[in-house]
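Quick notes on the structure that follows.
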Amino acid sequence: MSEIKLTLNPTPAAPATETAVAPAAPEVPAASENIQEPQFTPEEQAQIDVFAKQIDITDTNLVFSYGASAQQGIAEFSDVALKNVKTKDLDEVGDMIANLVGELKGFSDEEEKKGIFGWFKRQTDKVEMLKTRYDEAEVNVNKICEGLENHQVQLLKDIVMLDRLYEQNLTYFKELSMYIAAGKQRLEEVRATDLKAAYDKAQKSGLPEDAQAAKDLNEKCERFEKKLYDLQLTRNISIQMAPQIRLIQSSNQLMAEKIQTSLNNTIPLWKSQMVLALGLAHSQSAMEAQRAVSDLTNELLRKNAEQLKMATTESAKEAERGIVDIETLEQTNKMLIDTMDEVLTIQQEGRQKREAAEGQLRNIENELRQKLLEIRN
(Lines give C-alpha, C1' and ligand atoms only; values in the text may rest on other atoms or scores of the structure.)
Protein backbone atom coordinates (compact mmCIF):
# COMPACT_ATOMS: atom_id res chain seq x y z
CA MET A 1 0.00 0.00 0.00
CA SER A 2 1.36 3.41 -0.94
CA GLU A 3 2.32 5.91 1.72
CA ILE A 4 -0.54 8.14 2.85
CA LYS A 5 -0.08 11.88 3.32
CA LEU A 6 -2.91 13.86 4.90
CA THR A 7 -3.33 17.38 3.55
CA LEU A 8 -5.48 20.43 4.16
CA ASN A 9 -5.03 21.54 0.52
CA PRO A 10 -6.25 18.57 -1.53
CA THR A 11 -5.29 18.08 -5.15
CA PRO A 12 -7.00 15.65 -7.54
CA ALA A 13 -5.77 12.10 -7.10
CA ALA A 14 -4.11 10.40 -10.06
CA PRO A 15 -6.58 7.89 -11.54
CA ALA A 16 -5.67 4.22 -11.81
CA THR A 17 -4.44 3.03 -15.20
CA GLU A 18 -4.75 -0.27 -16.93
CA THR A 19 -1.01 -0.55 -17.49
CA ALA A 20 -0.05 -0.26 -13.85
CA VAL A 21 1.76 -3.30 -12.47
CA ALA A 22 -0.43 -4.93 -9.86
CA PRO A 23 1.23 -5.84 -6.54
CA ALA A 24 -0.04 -8.70 -4.43
CA ALA A 25 -3.59 -7.86 -3.38
CA PRO A 26 -3.69 -6.98 0.34
CA GLU A 27 -6.58 -7.58 2.68
CA VAL A 28 -9.36 -5.02 2.75
CA PRO A 29 -11.55 -5.02 5.85
CA ALA A 30 -14.70 -6.91 4.92
CA ALA A 31 -18.04 -5.19 5.29
CA SER A 32 -19.88 -6.48 8.34
CA GLU A 33 -22.83 -5.62 10.50
CA ASN A 34 -20.59 -3.99 13.10
CA ILE A 35 -17.79 -2.16 11.30
CA GLN A 36 -14.73 -1.85 13.51
CA GLU A 37 -12.56 1.22 13.38
CA PRO A 38 -9.29 0.43 11.58
CA GLN A 39 -6.10 -0.02 13.55
CA PHE A 40 -3.32 2.45 12.78
CA THR A 41 0.41 1.91 12.94
CA PRO A 42 2.40 4.08 15.36
CA GLU A 43 3.61 6.15 12.40
CA GLU A 44 0.07 6.65 11.10
CA GLN A 45 -1.22 7.56 14.55
CA ALA A 46 1.60 10.08 14.95
CA GLN A 47 0.65 11.63 11.59
CA ILE A 48 -2.99 11.76 12.72
CA ASP A 49 -2.03 13.50 15.97
CA VAL A 50 0.05 16.13 14.17
CA PHE A 51 -2.54 16.65 11.45
CA ALA A 52 -5.41 17.01 13.93
CA LYS A 53 -3.75 20.01 15.55
CA GLN A 54 -3.64 21.79 12.16
CA ILE A 55 -7.39 21.51 11.56
CA ASP A 56 -9.19 24.83 11.94
CA ILE A 57 -12.89 24.01 12.33
CA THR A 58 -13.77 27.70 11.98
CA ASP A 59 -12.30 27.81 8.45
CA THR A 60 -15.28 27.26 6.14
CA ASN A 61 -13.15 26.44 3.09
CA LEU A 62 -11.12 23.89 5.02
CA VAL A 63 -14.25 22.14 6.29
CA PHE A 64 -15.72 22.11 2.78
CA SER A 65 -12.64 20.47 1.20
CA TYR A 66 -11.67 18.27 4.15
CA GLY A 67 -10.88 14.74 2.87
CA ALA A 68 -11.99 15.68 -0.66
CA SER A 69 -8.90 14.16 -2.29
CA ALA A 70 -9.73 10.69 -0.98
CA GLN A 71 -13.40 11.05 -1.94
CA GLN A 72 -12.46 12.17 -5.45
CA GLY A 73 -10.03 9.25 -5.74
CA ILE A 74 -12.82 6.79 -4.98
CA ALA A 75 -14.99 8.30 -7.73
CA GLU A 76 -12.19 8.46 -10.32
CA PHE A 77 -10.94 4.92 -10.00
CA SER A 78 -14.55 3.64 -10.03
CA ASP A 79 -14.89 5.30 -13.46
CA VAL A 80 -11.70 3.55 -14.59
CA ALA A 81 -13.10 0.17 -13.57
CA LEU A 82 -16.37 0.86 -15.39
CA LYS A 83 -14.58 1.87 -18.62
CA ASN A 84 -12.14 -1.07 -18.68
CA VAL A 85 -14.34 -3.96 -17.57
CA LYS A 86 -16.98 -4.72 -20.22
CA THR A 87 -19.32 -7.50 -19.19
CA LYS A 88 -20.68 -7.77 -22.73
CA ASP A 89 -17.35 -9.36 -23.76
CA LEU A 90 -18.10 -12.34 -21.52
CA ASP A 91 -21.28 -13.06 -23.47
CA GLU A 92 -19.32 -12.80 -26.71
CA VAL A 93 -16.72 -15.26 -25.42
CA GLY A 94 -19.46 -17.72 -24.48
CA ASP A 95 -20.91 -17.48 -28.00
CA MET A 96 -17.50 -18.07 -29.57
CA ILE A 97 -16.89 -21.18 -27.46
CA ALA A 98 -20.32 -22.48 -28.48
CA ASN A 99 -19.48 -21.78 -32.14
CA LEU A 100 -16.21 -23.67 -31.77
CA VAL A 101 -17.95 -26.74 -30.40
CA GLY A 102 -20.55 -26.48 -33.16
CA GLU A 103 -17.88 -26.23 -35.87
CA LEU A 104 -16.05 -29.35 -34.67
CA LYS A 105 -19.27 -31.28 -34.20
CA GLY A 106 -20.55 -30.10 -37.59
CA PHE A 107 -17.38 -31.33 -39.27
CA SER A 108 -17.82 -34.89 -38.03
CA ASP A 109 -21.56 -34.84 -38.79
CA GLU A 110 -20.97 -33.64 -42.35
CA GLU A 111 -18.39 -36.33 -42.96
CA GLU A 112 -20.92 -38.95 -41.94
CA LYS A 113 -23.59 -37.47 -44.21
CA LYS A 114 -21.23 -37.43 -47.18
CA GLY A 115 -20.42 -41.10 -46.61
CA ILE A 116 -16.92 -41.11 -45.17
CA PHE A 117 -17.04 -44.93 -45.09
CA GLY A 118 -17.75 -45.03 -48.79
CA TRP A 119 -14.68 -42.92 -49.49
CA PHE A 120 -12.41 -45.62 -48.12
CA LYS A 121 -14.31 -48.37 -49.86
CA ARG A 122 -13.95 -46.72 -53.22
CA GLN A 123 -10.56 -46.73 -54.88
CA THR A 124 -10.47 -42.95 -55.28
CA ASP A 125 -8.47 -40.10 -53.91
CA LYS A 126 -10.25 -40.41 -50.54
CA VAL A 127 -7.31 -39.06 -48.51
CA GLU A 128 -7.22 -35.84 -50.50
CA MET A 129 -10.96 -35.40 -50.04
CA LEU A 130 -10.59 -35.77 -46.28
CA LYS A 131 -7.72 -33.30 -46.23
CA THR A 132 -9.77 -30.78 -48.22
CA ARG A 133 -12.68 -30.98 -45.79
CA TYR A 134 -10.29 -30.70 -42.86
CA ASP A 135 -8.64 -27.60 -44.37
CA GLU A 136 -12.03 -25.93 -44.80
CA ALA A 137 -12.99 -26.61 -41.20
CA GLU A 138 -9.55 -25.56 -39.94
CA VAL A 139 -9.96 -22.07 -41.42
CA ASN A 140 -13.09 -21.44 -39.36
CA VAL A 141 -11.61 -23.04 -36.26
CA ASN A 142 -8.46 -20.91 -36.47
CA LYS A 143 -10.53 -17.72 -36.77
CA ILE A 144 -12.48 -18.65 -33.66
CA CYS A 145 -9.28 -19.53 -31.80
CA GLU A 146 -7.71 -16.20 -32.72
CA GLY A 147 -10.73 -14.36 -31.37
CA LEU A 148 -10.68 -16.41 -28.17
CA GLU A 149 -6.99 -15.70 -27.65
CA ASN A 150 -7.60 -11.95 -28.00
CA HIS A 151 -10.40 -12.12 -25.47
CA GLN A 152 -8.23 -14.14 -23.12
CA VAL A 153 -5.48 -11.51 -23.25
CA GLN A 154 -8.00 -8.77 -22.49
CA LEU A 155 -9.48 -10.76 -19.60
CA LEU A 156 -6.04 -11.28 -18.07
CA LYS A 157 -5.31 -7.55 -18.45
CA ASP A 158 -8.58 -6.76 -16.70
CA ILE A 159 -7.67 -9.11 -13.84
CA VAL A 160 -4.33 -7.31 -13.38
CA MET A 161 -6.04 -3.92 -13.59
CA LEU A 162 -8.61 -5.00 -10.98
CA ASP A 163 -5.81 -6.11 -8.66
CA ARG A 164 -4.42 -2.60 -8.96
CA LEU A 165 -7.83 -1.11 -8.20
CA TYR A 166 -8.17 -3.42 -5.21
CA GLU A 167 -4.84 -2.15 -3.84
CA GLN A 168 -5.77 1.46 -4.56
CA ASN A 169 -9.15 0.97 -2.88
CA LEU A 170 -7.35 -0.15 0.29
CA THR A 171 -5.21 2.98 0.17
CA TYR A 172 -8.27 5.21 -0.09
CA PHE A 173 -9.97 3.28 2.72
CA LYS A 174 -7.00 3.84 5.05
CA GLU A 175 -6.68 7.49 3.95
CA LEU A 176 -10.36 8.16 4.65
CA SER A 177 -10.04 6.41 8.02
CA MET A 178 -7.11 8.63 8.95
CA TYR A 179 -9.01 11.81 7.93
CA ILE A 180 -11.98 10.67 10.00
CA ALA A 181 -9.85 9.81 13.02
CA ALA A 182 -7.97 13.13 12.89
CA GLY A 183 -11.22 15.05 12.44
CA LYS A 184 -12.92 13.33 15.37
CA GLN A 185 -9.89 13.92 17.54
CA ARG A 186 -9.84 17.63 16.68
CA LEU A 187 -13.62 17.96 17.08
CA GLU A 188 -13.55 16.46 20.57
CA GLU A 189 -10.69 18.78 21.52
CA VAL A 190 -12.50 21.90 20.26
CA ARG A 191 -15.71 20.99 22.03
CA ALA A 192 -13.89 20.23 25.25
CA THR A 193 -11.83 23.45 25.22
CA ASP A 194 -12.80 26.26 22.86
CA LEU A 195 -16.55 25.60 22.79
CA LYS A 196 -16.75 25.08 26.54
CA ALA A 197 -14.75 28.25 27.13
CA ALA A 198 -17.03 30.20 24.78
CA TYR A 199 -20.16 29.08 26.62
CA ASP A 200 -18.57 29.80 30.00
CA LYS A 201 -17.65 33.28 28.81
CA ALA A 202 -21.18 33.90 27.53
CA GLN A 203 -22.72 32.78 30.80
CA LYS A 204 -20.40 34.96 32.85
CA SER A 205 -20.65 38.09 30.72
CA GLY A 206 -24.30 37.79 29.78
CA LEU A 207 -23.50 39.65 26.57
CA PRO A 208 -25.49 38.75 23.45
CA GLU A 209 -22.37 38.88 21.31
CA ASP A 210 -20.65 36.31 23.50
CA ALA A 211 -23.67 34.04 23.35
CA GLN A 212 -23.77 34.43 19.56
CA ALA A 213 -20.06 33.62 19.32
CA ALA A 214 -20.58 30.44 21.33
CA LYS A 215 -23.53 29.49 19.16
CA ASP A 216 -21.55 30.14 15.95
CA LEU A 217 -18.70 27.96 17.15
CA ASN A 218 -21.15 25.19 18.05
CA GLU A 219 -22.69 25.35 14.58
CA LYS A 220 -19.25 25.09 12.99
CA CYS A 221 -18.56 22.04 15.14
CA GLU A 222 -21.79 20.47 13.96
CA ARG A 223 -20.99 21.32 10.34
CA PHE A 224 -17.59 19.68 10.66
CA GLU A 225 -19.21 16.67 12.33
CA LYS A 226 -21.53 16.31 9.32
CA LYS A 227 -18.48 16.48 7.06
CA LEU A 228 -16.91 13.62 9.00
CA TYR A 229 -20.12 11.65 8.63
CA ASP A 230 -20.00 12.25 4.86
CA LEU A 231 -16.47 10.84 4.82
CA GLN A 232 -17.72 7.81 6.73
CA LEU A 233 -20.32 7.21 4.03
CA THR A 234 -17.60 7.37 1.37
CA ARG A 235 -15.49 4.95 3.40
CA ASN A 236 -18.45 2.57 3.50
CA ILE A 237 -18.58 2.69 -0.30
CA SER A 238 -14.88 1.79 -0.34
CA ILE A 239 -15.57 -1.20 1.91
CA GLN A 240 -18.29 -2.48 -0.42
CA MET A 241 -16.09 -2.06 -3.48
CA ALA A 242 -13.65 -4.75 -2.29
CA PRO A 243 -16.02 -7.74 -2.74
CA GLN A 244 -17.42 -6.18 -5.92
CA ILE A 245 -13.95 -6.07 -7.47
CA ARG A 246 -13.32 -9.68 -6.49
CA LEU A 247 -16.65 -10.79 -8.00
CA ILE A 248 -15.69 -9.27 -11.36
CA GLN A 249 -12.23 -10.84 -11.16
CA SER A 250 -13.74 -14.25 -10.43
CA SER A 251 -15.98 -14.01 -13.47
CA ASN A 252 -13.05 -12.97 -15.70
CA GLN A 253 -10.86 -15.75 -14.34
CA LEU A 254 -13.55 -18.36 -14.94
CA MET A 255 -14.00 -17.30 -18.55
CA ALA A 256 -10.23 -17.17 -19.17
CA GLU A 257 -9.94 -20.74 -17.88
CA LYS A 258 -12.74 -21.86 -20.21
CA ILE A 259 -10.88 -20.34 -23.14
CA GLN A 260 -7.67 -22.07 -22.03
CA THR A 261 -9.47 -25.41 -21.90
CA SER A 262 -10.80 -24.96 -25.43
CA LEU A 263 -7.43 -23.94 -26.86
CA ASN A 264 -5.30 -26.54 -25.05
CA ASN A 265 -7.62 -29.55 -25.07
CA THR A 266 -10.41 -29.41 -27.62
CA ILE A 267 -8.43 -28.23 -30.66
CA PRO A 268 -5.37 -30.49 -30.20
CA LEU A 269 -7.68 -33.47 -29.64
CA TRP A 270 -9.52 -32.75 -32.86
CA LYS A 271 -6.31 -32.35 -34.85
CA SER A 272 -4.65 -35.43 -33.35
CA GLN A 273 -7.64 -37.57 -34.25
CA MET A 274 -7.58 -36.24 -37.81
CA VAL A 275 -3.90 -37.22 -38.04
CA LEU A 276 -4.88 -40.67 -36.83
CA ALA A 277 -7.57 -40.95 -39.50
CA LEU A 278 -5.17 -39.95 -42.26
CA GLY A 279 -2.56 -42.42 -41.02
CA LEU A 280 -5.05 -45.25 -41.02
CA ALA A 281 -6.18 -44.32 -44.52
CA HIS A 282 -2.59 -44.62 -45.80
CA SER A 283 -1.53 -47.79 -43.99
CA GLN A 284 -4.53 -50.08 -43.76
CA SER A 285 -6.84 -51.78 -46.15
CA ALA A 286 -10.22 -50.38 -47.06
CA MET A 287 -11.96 -52.57 -44.47
CA GLU A 288 -9.58 -51.63 -41.67
CA ALA A 289 -9.78 -47.97 -42.66
CA GLN A 290 -13.58 -48.17 -42.63
CA ARG A 291 -13.52 -49.61 -39.12
CA ALA A 292 -10.97 -47.01 -37.97
CA VAL A 293 -12.96 -44.11 -39.38
CA SER A 294 -16.10 -45.50 -37.76
CA ASP A 295 -14.32 -45.57 -34.41
CA LEU A 296 -12.94 -42.10 -35.05
CA THR A 297 -16.39 -40.74 -35.86
CA ASN A 298 -17.86 -42.25 -32.71
CA GLU A 299 -15.01 -40.90 -30.63
CA LEU A 300 -15.37 -37.44 -32.09
CA LEU A 301 -19.11 -37.45 -31.49
CA ARG A 302 -18.66 -38.66 -27.92
CA LYS A 303 -15.98 -36.14 -27.06
CA ASN A 304 -17.85 -33.32 -28.75
CA ALA A 305 -20.96 -34.29 -26.80
CA GLU A 306 -18.95 -34.30 -23.59
CA GLN A 307 -17.46 -30.90 -24.37
CA LEU A 308 -20.88 -29.52 -25.28
CA LYS A 309 -22.40 -30.93 -22.11
CA MET A 310 -19.60 -29.46 -20.00
CA ALA A 311 -19.88 -26.04 -21.64
CA THR A 312 -23.68 -26.05 -21.37
CA THR A 313 -23.82 -27.12 -17.72
CA GLU A 314 -21.10 -24.70 -16.70
CA SER A 315 -22.86 -21.86 -18.51
CA ALA A 316 -26.13 -22.80 -16.82
CA LYS A 317 -24.45 -22.82 -13.43
CA GLU A 318 -22.95 -19.40 -14.04
CA ALA A 319 -26.26 -18.06 -15.35
CA GLU A 320 -28.10 -19.21 -12.20
CA ARG A 321 -25.55 -17.69 -9.90
CA GLY A 322 -26.56 -14.38 -8.35
CA ILE A 323 -24.46 -11.28 -9.05
CA VAL A 324 -24.74 -10.10 -5.45
CA ASP A 325 -24.99 -12.41 -2.42
CA ILE A 326 -28.04 -12.01 -0.20
CA GLU A 327 -25.72 -11.47 2.77
CA THR A 328 -24.31 -8.38 1.05
CA LEU A 329 -27.80 -6.98 0.51
CA GLU A 330 -28.74 -7.67 4.14
CA GLN A 331 -25.58 -5.97 5.30
CA THR A 332 -26.14 -2.93 3.07
CA ASN A 333 -29.73 -2.66 4.32
CA LYS A 334 -28.54 -2.88 7.93
CA MET A 335 -26.02 -0.10 7.32
CA LEU A 336 -28.70 2.08 5.72
CA ILE A 337 -30.99 1.61 8.74
CA ASP A 338 -28.12 2.40 11.11
CA THR A 339 -27.35 5.51 9.09
CA MET A 340 -30.94 6.76 9.38
CA ASP A 341 -30.93 6.04 13.12
CA GLU A 342 -27.73 8.06 13.53
CA VAL A 343 -29.17 10.96 11.51
CA LEU A 344 -32.31 10.99 13.70
CA THR A 345 -30.17 10.96 16.83
CA ILE A 346 -28.08 13.88 15.56
CA GLN A 347 -31.21 15.85 14.68
CA GLN A 348 -32.75 15.19 18.11
CA GLU A 349 -29.56 16.25 19.84
CA GLY A 350 -29.45 19.42 17.72
CA ARG A 351 -33.08 20.19 18.58
CA GLN A 352 -32.39 19.73 22.31
CA LYS A 353 -29.38 22.00 22.12
CA ARG A 354 -31.38 24.68 20.32
CA GLU A 355 -34.15 24.47 22.93
CA ALA A 356 -31.58 24.81 25.70
CA ALA A 357 -30.01 27.78 23.92
CA GLU A 358 -33.42 29.45 23.55
CA GLY A 359 -33.95 29.10 27.29
CA GLN A 360 -30.62 30.72 27.96
CA LEU A 361 -31.44 33.57 25.60
CA ARG A 362 -34.72 34.22 27.43
CA ASN A 363 -32.87 34.28 30.76
CA ILE A 364 -30.37 36.74 29.34
CA GLU A 365 -33.13 39.02 28.06
CA ASN A 366 -34.99 38.85 31.37
CA GLU A 367 -31.85 39.69 33.29
CA LEU A 368 -31.15 42.63 30.97
CA ARG A 369 -34.75 43.87 31.22
CA GLN A 370 -34.64 43.60 35.03
CA LYS A 371 -31.41 45.54 35.16
CA LEU A 372 -32.83 48.26 32.93
CA LEU A 373 -35.85 48.57 35.26
CA GLU A 374 -33.56 48.88 38.25
CA ILE A 375 -31.63 51.68 36.57
CA ARG A 376 -34.82 53.62 35.77
CA ASN A 377 -36.01 53.35 39.38
Where Leu373 falls short, out of the listed (1) open to solvent by 100 Å² or more (accessible area, probe 1.4 Å); (2) at pLDDT below 85 = (1)
Just one of Ser315, Ser294 is at pLDDT below 80, within 27 Å of the chain's Cα centre (by Cα) and among the hydroxyl-bearing types (Ser, Thr, Tyr); which is it?
-> Ser315
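Rundown of residues vs (1) modelled with pLDDT of 85 or more; (2) open to solvent by 50 Å² or more (accessible area, probe 1.4 Å), yes/no style:
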position	(1), (2)
Thr266	no, no
Lys271	no, yes
Ala277	no, no
Ala281	no, no
Gln290	no, no
Arg302	yes, yes
Gly322	no, no
Gln348	yes, yes
Gly359	yes, no
Hey, among the residues in segment 242-261 that are farther than 28 Å from Gln331 by Cβ and open to solvent by 40 Å² or more (accessible area, probe 1.4 Å), which one's nearest to the chain's Cα centre (by Cα)?
-> Glu257
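Out of everything in segment 159-185 that is among the hydroxyl-bearing types (Ser, Thr, Tyr) and either open to solvent by 10 Å² or more (accessible area, probe 1.4 Å) or within 17 Å of the chain's Cα centre (by Cα) (or both), what residue ends up being farthest from Thr234 (Cα to Cα)?
Here the residue is Tyr166.
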Taking segment 361-370, which residues are open to solvent by 100 Å² or more (accessible area, probe 1.4 Å) and under 60 Å from the mean Cα position of the chain (by Cα)?
-> Arg362, Glu365
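For every residue, the table says whether it meets (1) part of a helix (DSSP H, G or I); (2) open to solvent by less than 50 Å² (accessible area, probe 1.4 Å); (3) among the small types (Gly, Ala, Ser).
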residue	(1), (2), (3)
Ala214	yes, yes, yes
Glu219	yes, no, no
Phe224	yes, yes, no
Gln240	yes, yes, no
Leu263	yes, yes, no
Considering only segment 226-238, state which residues are open to solvent by less than 30 Å² (accessible area, probe 1.4 Å) and among the aliphatic types (A, V, I, L, M).
-> Leu228, Leu231
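The values are calculated or read from the model by the stated rules, or taken from the named source; none is laboratory data. From a predicted model like this one, the values you see are computed outputs, not experimental measurements. Note that we place each Cβ from the backbone using ideal geometry, even for glycine, and neighbour counts take in every protein chain shown. When the accessible area is computed, the model is the full protein with side chains, heavy atoms only, and any ligands, DNA or RNA have been set aside. Shrake-Rupley method; radii C 1.70, N 1.55, O 1.52, S 1.80 Å.
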